[in-house]
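Novice: Starting off with a structure, shown below.
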Ligand code: GRF
């Protein structure tokens with residue numbers, strides 16, 4: 001049976017697009033049941049439209065608590081029978097409601113070789129630190145920030161002539177290749 005997933009995003013959604021494209025091209029056997037986004041103008045909703053995938057908007061400030069916010073999302077996921085959550089640029093910490101409902105079934109992609117450079121500005125942080133390499137990590141999500149079990153990492157060299165922009169482009173290319181592959185490997189192990 002094809003695994004049903006929800007992709008959570010807050011912004012551009014280029015990783016969502018890479019995953020959706022892999023599904024269309026039959027390189028990845030999942031069904032993307034929906035996109036969940038939390039920023040009104042997130043470009044990911046336009047990308048979802050192009051793939052005919054429903055996108056649901058949840059704004060934390062419309063709820064009286066983070067718990068209520070996550071319960072509302074969870075209800076939507078349960079209606080759609082979602083089995084796996086894929087975070088792709090989702091800029092919120094996942095709390096207990098979702099973690100308990102999806103134990104070891106939430107994946108995230110982070111633009112560094114964790115545990116190096118956790119947090120929101122990982123590409124900039126590696127570049128500013130004049131590191132010779134950085135990379136991309138796909139990991140399980142736990143209650144910490146970028147602390148869950150690492151599933152796979154790929155290195156990205158920071159060349160002497162790299163600018164922040166060229167490094168960011170290289171990082172995105174690496175992400176778009178790695179994430180669909182790791183999702184496929186994870187699912188093949190049985191969700
Ligand atoms: C990516 O760099 C991802 O690693 C990080 O957030 C960014 C999302 O980019 N978690 P996009 O919205 O998928 O284009």
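Just so it is clear, none of the values below were taken in a lab; they were calculated from the coordinates. Since the structure is predicted, the reported quantities are computational estimates derived from the model, not experimental observations. Backbone-built Cβ (ideal geometry, glycine too); neighbour counts: all protein chains shown.
Novice: Please find, in a Gaussian network model of the chain (springs between Cα atoms separated by less than 10 Å), the residue of 15, 104, 169 whose mean-square fluctuation is greatest.
Specialist: 169
Novice: Please report how far the C-alpha centroid of the range 71-88 lies from that of the range 154-189, rounded to the nearest whole angstrom.
Specialist: Distance between centres, Cα-based: 26 Å.
Novice: I've got another one for you. Can you show me the helix-derived [θ] at 222 nm for the chain, built from DSSP H runs with n ≥ 4 at -39,500 (n - 2.57) apiece and divided by the number of residues, rounded to the nearest 500. Provide the component values of the computation, followed by the final result.
Specialist: Values: 6 runs with 70 residues, N = 191.
Value at 222 nm, helices only: -11500 deg cm²/dmol.
Novice: Would you give the gap between the C-alpha center of the range 90-150 and the C-alpha center of the range 1-68, rounded to a whole Å?
Specialist: 18 Å
Novice: A follow-up question, please. Calculate how steeply helix 164-188 sits against the longest principal axis of the alpha-carbon atoms of the chain, using the helix alpha-carbon long axis, and give the answer as 0 to 90 degrees to the nearest 10.
Specialist: Helix 164-188 and the main axis of the chain meet at about 50 degrees.
Novice: Continuing with this model, one more query. Just grab the label-to-label distance for residue 154 and residue 31, each label 7 Å out from Cα along the Cβ direction, in nm (one decimal).
Specialist: 2.8 nm
Novice: Any idea what the relative contact order of the range 57-191 is, in percent, if you count C-alpha pairs under 8 Å spaced at least 6 apart?
Specialist: Working: 177 pairs, mean separation 26.1, N = 135.
Worked out over the range 57-191, it gives 19 percent.
Novice: Could you state the angle between the C-alpha long axis of helix 14-24 and the longest principal axis of the C-alpha atoms of the chain, as a value from 0 to 90 degrees rounded to the nearest 10?
Specialist: Between helix and principal axis, roughly 70 degrees.
Novice: Now for a different question. If you build a Gaussian network model of the chain, linking Cα atoms that sit under 10 Å apart, which residue out of 165, 149, 46 swings the most?
Specialist: Comparing 165, 149, 46 in the GNM, the peak value goes to 165.
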